[in-house]
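Worksheet for the structure shown next.
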Amino acid sequence: MAKELKLMKGNEAIAEAAIRAGSDAYFGYPITPQSEVIEYLMAEKPHERTGMVVLQAESELAAINMVYGAAGTGKKVWTSSSSPGISLKQEGISYIAGSELPCVIVNVVRGGPGLGTIQPSQADYFQATKGGGHGDYHLLVLAPASVQEMADFIGDAFDLAFKYRGPVMILSDGVIGQMMEKVYLKEQVPRLSDDEIAEKYPWATIGKPASRERNIITSLDLDSSKMELHNIHLQSKYRQMEEEEVRFEKINCDDADYLFVAYGSSARICQKSIQLAAEKGIKVGLLRPITLFPFPKKQISEMADKVKGILSVEMSAGQMIEDVKLAVNGRVKVEHFGRYGGIIPTPAEVVDALIEKIIGE
Amino acid sequence: MTEEIIIAGFGGQGVLSMGKILAYSGIMQDQEVSWMPSYGPEMRGGTANVTVIVSDERISSPVLNEFDTAIILNQQSMDKFESAVKKGGTLVYDPNGITHHPERKDINIYSIEAAKKASEMGNTKIFNMVVLGAYLKVKPIVKIENVILGLKKSLPARYHSLIALNKDAITMGMDAVKEINKA
């Protein structure tokens, strides 16, 4: 059967794709610029299509703790919000990471700090990739750069969440959430039955049969020696992600003299900047991290040997640049260009910044 | 072919839906499209704009600083976007409510009295389709049959009876557009 073609907003595409990925439940609380996620789900009534539950919680705290509880039963659950709402969810996310439960959290980032603005931003990079809540943990972070990737990544995110038994974040922004593009939708994946869940996820708390000990889901252990072992185990998962899950896209890199590193909507803007730079005779490529954790360190390190300078383009005051600099380790010049507080840089501004900060006179 | 368009005017004029119909029309003829609205705290009477790109190739940035075509429907948008038209590009505007008319000599300028025509046709809601007709006369990037297909696809079935009226509005726009300046 041919895949279905639609014109959708990123927020609508991720909602529809989540239904089709066989998700069991969504718990959320509306906030601009991602309210279309819950609006779409409420209008679509997935309960009538697949039995999926959609619930508007009384707050972000309630929503993330509903995710925590439902994830404990081995169900495919997710939530979405935008920056201030994601900050509210951090306690729950840390507990979910500590308890090793799979779930997907979508952040359609807006400008901050505080309530900030409703316009697009990428200033939640640190929060998304370095933990976010308390304790030593990481989320696996996927950064879509198109409406198609909003749709494609939700299924991938569930697969990764269950592979690693941990929370996965889709880090989007107001541009990708609000824009409409063509999207090819996959066919419906059936939700797992309770028997299938019992067989696939022996850790799930779905009632204790006589045949096994009680499953306990907790992030608490007062015995520090056990807690250290638990932390070592968590860290081993993050190292495995770094080995197996790095995703990136290279555009125009083969004979580039300079390199943009950018993700999400900034990567789209940089693709236009590449064309504008070419008109001025400047050969610049783009390395787009698709996973922000694990970060494509090796690929950036390799590019550092081939180019004369790197510009990290982000809608933030310079967050991802720290990871780029660690990968480059001083071998070539690395500078940052960004706009903040909800201002989207134009493709021409990015080229001007490349000339001013990297190419020089 | 890549056509980068900004449509800008007041909220409630049908700016965003006009962009959506254009994007749907592009899809109907197998092209790549993007539709990026200004989604600020806009409301009826405030300003609204949308960037639409229709292309034969993969679309790079959905956010742009210059455009092949600007479709301008109020003075604030004229002040903001006249200068954003690429040299040799196109500006289509409704002179209704415009106090400072466009002055550039290096772009093609067309006017369409869409508010007036729509009111003559007895339905001010088809204003945006008159504008779309004017634009498509100047830049026939999508075929009218594909616009109609796009309308069918984007409108709920209960509004399909209005498609004929929309088609008339497009034809009206095509007939009524006037050339003001040739670059």
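The values are calculated or read from the model by the stated rules, or taken from the named source; none is laboratory data. Quantities reported herein were computed from a predicted structural model and do not represent experimental measurements. Please note: Cβ atoms are built from the backbone with ideal geometry, for glycine as well, and neighbour counts cover all protein chains shown.
Take the residues in segment A:336-360 that are more than 22 Å from the chain's Cα centre (by Cα) and within 14 Å of another protein chain (Cβ to nearest Cβ); name whichever of them is surrounded by the fewest Cβ atoms within 10 Å (Cβ to Cβ).
Ranking the candidates gives A:352 first.
Whether any residue in segment A:2-12 is of a type outside the set (Phe, Trp, Tyr), over 18 Å from residue A:157 (Cβ atoms), modelled with pLDDT under 95 and in a loop (DSSP other than H, G, I, E, B) is what I want to check.
Yes: segment A:2-12 contains one or more residues that are of a type outside the set (Phe, Trp, Tyr), over 18 Å from residue A:157 (Cβ atoms), modelled with pLDDT under 95 and in a loop (DSSP other than H, G, I, E, B).
Quick check: anything in segment A:298-305 touching a residue at least 24 places away in the same chain (Cβ under 8 Å), within 16 Å of the chain's Cα centre (by Cα) and not assigned by TED's automatic domain parsing to the domain that holds residue A:122?
For segment A:298-305, residues touching a residue at least 24 places away in the same chain (Cβ under 8 Å), within 16 Å of the chain's Cα centre (by Cα) and not assigned by TED's automatic domain parsing to the domain that holds residue A:122: absent.
For segment A:229-262, give me each residue that is more than 14 Å from chain B (Cβ to nearest Cβ) and within 20 Å of residue A:357 (Cβ to Cβ).
Residues satisfying the conditions are A:253, A:256, A:257, A:258, A:259, A:261.
What's the total number of residues in segment B:39-51 that are modelled with pLDDT of 95 or more and surrounded by fewer than 24 Cβ atoms within 10 Å (Cβ to Cβ)?
Here the count works out to 1.
Before we move on, is residue A:207 modelled with pLDDT under 95 and more than 26 Å from residue A:321 (Cβ to Cβ)?
For residue A:207, the condition - modelled with pLDDT under 95 and more than 26 Å from residue A:321 (Cβ to Cβ) - is met.
Here are the criteria: (1) more than 23 Å from residue A:346 (Cα to Cα); (2) more than 13 Å from the chain's Cα centre (by Cα). Tell me which single one residue B:86 does not satisfy.
Condition not satisfied by residue B:86: (1).
Just checking, which of A:13, A:18, A:43 is touching a residue at least 60 places away in the same chain (Cβ under 8 Å) and within 14 Å of chain B (Cβ to nearest Cβ)?
A:13
Go through segment A:277-295 and count every residue that is buried (at least 21 other Cβ atoms within 10 Å of the Cβ) and either in contact with a His (Cβ under 7 Å, 6 or more places away or on another chain) or within 14 Å of chain B (Cβ to nearest Cβ) (or both).
Summing the residues that are buried (at least 21 other Cβ atoms within 10 Å of the Cβ) and either in contact with a His (Cβ under 7 Å, 6 or more places away or on another chain) or within 14 Å of chain B (Cβ to nearest Cβ) (or both) in segment A:277-295 gives 6.
Would you say residue B:21 is under 16 Å from the mean Cα position of the chain (by Cα), in contact (Cβ under 8 Å) with a residue 40 or more places away in the chain and either part of a loop (DSSP other than H, G, I, E, B) or within 11 Å of chain A (Cβ to nearest Cβ) (or both)?
Against the criterion (under 16 Å from the mean Cα position of the chain (by Cα), in contact (Cβ under 8 Å) with a residue 40 or more places away in the chain and either part of a loop (DSSP other than H, G, I, E, B) or within 11 Å of chain A (Cβ to nearest Cβ) (or both)), residue B:21 qualifies.
Based on this model, can you work out whether residue A:183 counts as within 14 Å of chain B (Cβ to nearest Cβ) and more than 24 Å from residue A:89 (Cβ to Cβ)?
Answer is yes for this residue.
Please enumerate the residues belonging to segment B:153-178 that are farther than 17 Å from residue B:142 by Cα and among the small types (Gly, Ala, Ser).
Once the filter is applied, which keeps residues that are farther than 17 Å from residue B:142 by Cα and among the small types (Gly, Ala, Ser), segment B:153-178 yields B:157, B:161, B:164, B:176.
Please indicate, with yes or no, whether at least one residue in segment B:31-38 is modelled with pLDDT of 95 or more and assigned to a loop (DSSP other than H, G, I, E, B).
yes
Starting from residues that are crowded, with 23+ Cβ neighbours inside 10 Å and of a type in the set (Val, Ile, Thr), keep the ones in segment A:134-193 and report whichever is nearest to residue A:70 (Cα to Cα).
Across segment A:134-193, the extreme among qualifying residues is A:168.
Search segment A:106-117 for residues that are at positive phi and pair each with any residue that is part of a strand (DSSP E or B) and at pLDDT 95 or above when their beta-carbon atoms are under 8 Å apart and the residues are at least 6 apart or on different chains.
If the second residue must be part of a strand (DSSP E or B) and at pLDDT 95 or above, the pairs left are A:116/A:110.
Just to be sure I understand, how many residues within segment A:66-107 are in contact with a Gly (Cβ under 7 Å, 6 or more places away or on another chain), surrounded by 24 or more Cβ atoms within 10 Å (Cβ to Cβ) and either of a type in the set (Asp, Glu) or part of a strand (DSSP E or B) (or both)?
Qualifying residue count for the region: 3.
So residue A:64 fits all but one of (1) more than 21 Å from the chain's Cα centre (by Cα); (2) away from chain B (no Cβ under 14 Å); (3) without any contact (Cβ under 8 Å) to a residue 60 or more places away in the chain; what number is the exception?
In the conditions (1) more than 21 Å from the chain's Cα centre (by Cα); (2) away from chain B (no Cβ under 14 Å); (3) without any contact (Cβ under 8 Å) to a residue 60 or more places away in the chain, residue A:64 misses (1) alone.
With a cut-off of at least 1 residues that are of a type in the set (S, T, N, Q) and at pLDDT 95 or above, name the helices (runs of 4 or more DSSP H) lying wholly within segment A:254-361.
A:264-279, A:297-304
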